[in-house]
Amino acid sequence: MHKIFRVQELVDLVVQNLAVAMTTQTYPLADDPSNVSYRMHLLSSDVKKDVKNLGQVGRIFREPCLNALWYHQEGIDDLLCMSSAIEAVSSSSGHMFSVSDQNQRNMPKLFRLARPLEPTDVPTLHFYASRIHQLCFPPGLYQTQQKIGTDQPLLLGQSKFVRGTILFSRLRSLAWMQDWTTQSSDLDFVLDTTGNSLVEMASWTVAYRSQAKFLAKMEKQHRHLTHLRLRTDLYGGTREQHRSATIEFFRTILPNARNLQELHLEDDFEQCFNVWDTLSSFPRLSSLSFRCLATSQELLDMIPTSPTPYRTLTSFIIHVDDSIFISQILEKVCFPNLHKLQLTFYMDCEVHALRRLLLAVTHACADSPLQSLVIDYECYKDDDDQVPEDPDAAEDVMKFDDLRPLLKYGTLEVLDLDVQCPWIMGDDAVYEIVRVWGPRLKTLKLDTEGGWSTTESITLKGLEHLALHCPRLTTLGIHFIGTPPRDMCSVYKQVDRNGTRWNEALRELAVSSSPLDPSSVNDMAMYLSCLFPNLAHIAPAYWLTRPMLWDTDIDAAGPDGPYKSWEMVQTMVPLIGLARRQERLLAAAVEN
């Protein structure tokens, strides 16, 4: 059959082209498994509208468009609204919804479940539910998006279905991202009417309310599970029998999930089992992440006693309090095939601790084809004391020699450091980075929230070197100094002697605490739009919003400070870029 008659494939292609990707390689942290929408294929409201319109073009498009619209659902309100068991109510009747009483005239029409669901409702519900492949209950769903009174768990729980009734026959991914105080009647309903297609399960509250059913479903599906995300709160509202059942699941059931490809754990899992000892049970496991805020001794007990290789892992993400613990882990493990490594900690990291961490990375990934390295210090942005140390006055500072061991990873595409340490680095570092990683580099962020020396820094010459020799670079974060030239010619003519154009891929530039005189704002905007014609966003260091810089009388956040100057550049660059793109099109038209 000719491709033109494969309507389902055509509609799928249309939807894929309409949909806007929520995460891109520009944001290396956006695909963190702790993200609610991880592995979820959401459609924006505009895309849904377009797909609905396509479905009305002709009967032949109806089924494919229905499949596309129902592929991913948030909650089951839209599904229940298809049943005759609901009735419309006024916004003022009863205490059914956790919504604001303000602007009631602008509120959508509300519904409630008027009776228990009956066997006569099954055909209608199955017509839509059988199309759902991904079902997510995101945080805040019942505060902002609820349209139907499913806070009446008795009615939903009294459904008179024949035992074994299956509604969600194609459901492959189920994510329950509610806190432990939320009523879980919706989850109970889904678990009771789901088939055997579930291979991805996620829950932030596995140890409460529907814990028994959720664990039972995971136990039933454990041999088919490929992706598992769990937050194991063993204390928040959990009864002792629930705690015991959770521990039993991790120790006896989980190790038998032989098809598991991704495992992501949070909170109290270290009290249930030793994750490192269990990894050998998963011959297909490629991605592992865990977020652990346990005591130091509990974390130390998890560290492998002897160096252990984990050959199947290609991605490892860890969130802990102290970077020292990460170093201790990496010094005892080996990842021969790791592609992605993301390390996050919440306590200050001294220079000596960062050096140890970098050496531990090169030990654990000695022979790895590493493509992405992210080291992130997550501090509280509203902490007034979070101003980095002045490197020109510090006793110990980071230099490029501390990063030089990373140059052995010739396949590296993403290097993102956010550690808030003092640094001294010049153009020589840029030349080394470009020499090794230039053609492949997509993201380069060198501690833009850190403190950078004013005596030895990367200059505009180094910035130009990056623009010329890193054609795939989409995100750049560096501190640089220099006054832009005043005679920048048209970007159409900005070609070097070898005919190489400037970087047209860069979209984001983090300028750290780079100095910028208010009188040079216009020149800097012209200069950056020339180096990076498609630059869309510029971000100075957040700590520049603090009242005063280190030991100067300059108000960093004032009208003459660098933060305001860079804000002005940010507003100008996209407009200049648009004008230059029009200029290039006009010049091309003239040539033709």
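Bear in mind that the values in this text are calculations on the coordinates, not laboratory data. What you see is a predicted model; the values in this text were computed from it and never measured. All Cβ positions, glycine included, derive from the backbone under ideal geometry; neighbour counts span all protein chains shown.
Tabulated data
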{"item": "Interchain or long-range residues, amide H under 5 Å from residue 348's placed H", "result": "none"}
{"item": "Cα-based shape type of the stretch 301-425, given that a ≥ b ≥ c are square roots of the gyration tensor eigenvalues and the cut on a/c is 1.5", "result": "prolate"}
{"item": "Mean shadow area of the stretch 394-489 over all directions, Cα convex hull, nm²", "result": "6.6"}
{"item": "Residue order, fewest to most beta carbons within 10 Å, for 280, 323", "result": "280, 323"}
{"item": "Amide H within-cut-off set for residue 291, under 5 Å, with H built and near neighbours excluded", "result": "265, 266, 267, 319"}
{"item": "Coarse-grained scattering of the stretch 308-377 at q = 0.16, 0.17, 0.24 Å⁻¹, given as base-10 log I(q)/I(0) from a Debye sum over alpha-carbon atoms", "result": "-0.47, -0.54, -1.05"}
{"item": "Long-range amide H partners of residue 480 with built H, under 5 Å", "result": "514"}
